[in-house]
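Note sheet for the following structure.
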Amino acid sequence: MLLEVIPLVIGLLMLGGLAMIAGSMTRDDPRTRARWDSRFDREARELRHTDATGVLTCRRCGTSGSERAGVCPRCGAAL
Ligand SMILES: [Zn+2]
């Protein structure tokens, strides 16, 4: 039972460390934070765009890909 909990605790510690590193980086350099914000905005816009054009499921591997791209993002098959 204890052995099952150890990987979970290690994972949580690693996540906490990464969050602290990311937080200190964005806090130290406002330009870095602005870059992250603009990147997030761009990705959010692309997500909305994908939703507007529709999502198709790959017949070969089952991965969802945007209809506009025309090919599966994982295996490259035509959708
Ligand atoms: Zn595929």
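Values in this text are rule-based calculations from the coordinates and carry no lab data. Since we're looking at a predicted model, the values are computed, not measured. So basically every Cβ, Gly included, is an ideal-geometry build from the backbone, and we count neighbours across all protein chains shown.
Here is how the number arises for the chain: DSSP H runs of 4 or more residues each give -39500 (n - 2.57), the sum is divided by the residue count, and the result at 222 nm is -23000 deg cm²/dmol.
When each of the peptides 64-76, 1-13 is scored by the mean number of other C-beta atoms lying within 10 Å of its residues, the order from highest to lowest reads 64-76, 1-13. In units of the rule-of-thumb radius 2.2 N^0.38 Å, the chain shows an alpha carbon radius of gyration of 1.66.
When only Cα pairs below 8 angstrom with a gap of at least 6 residues are kept, the chain shows a relative contact order of 14 percent. Modelled spin-label separation between S24 and W36, with each label point placed 7 Å from Cα along the Cα-to-Cβ direction: 1.4 nm.
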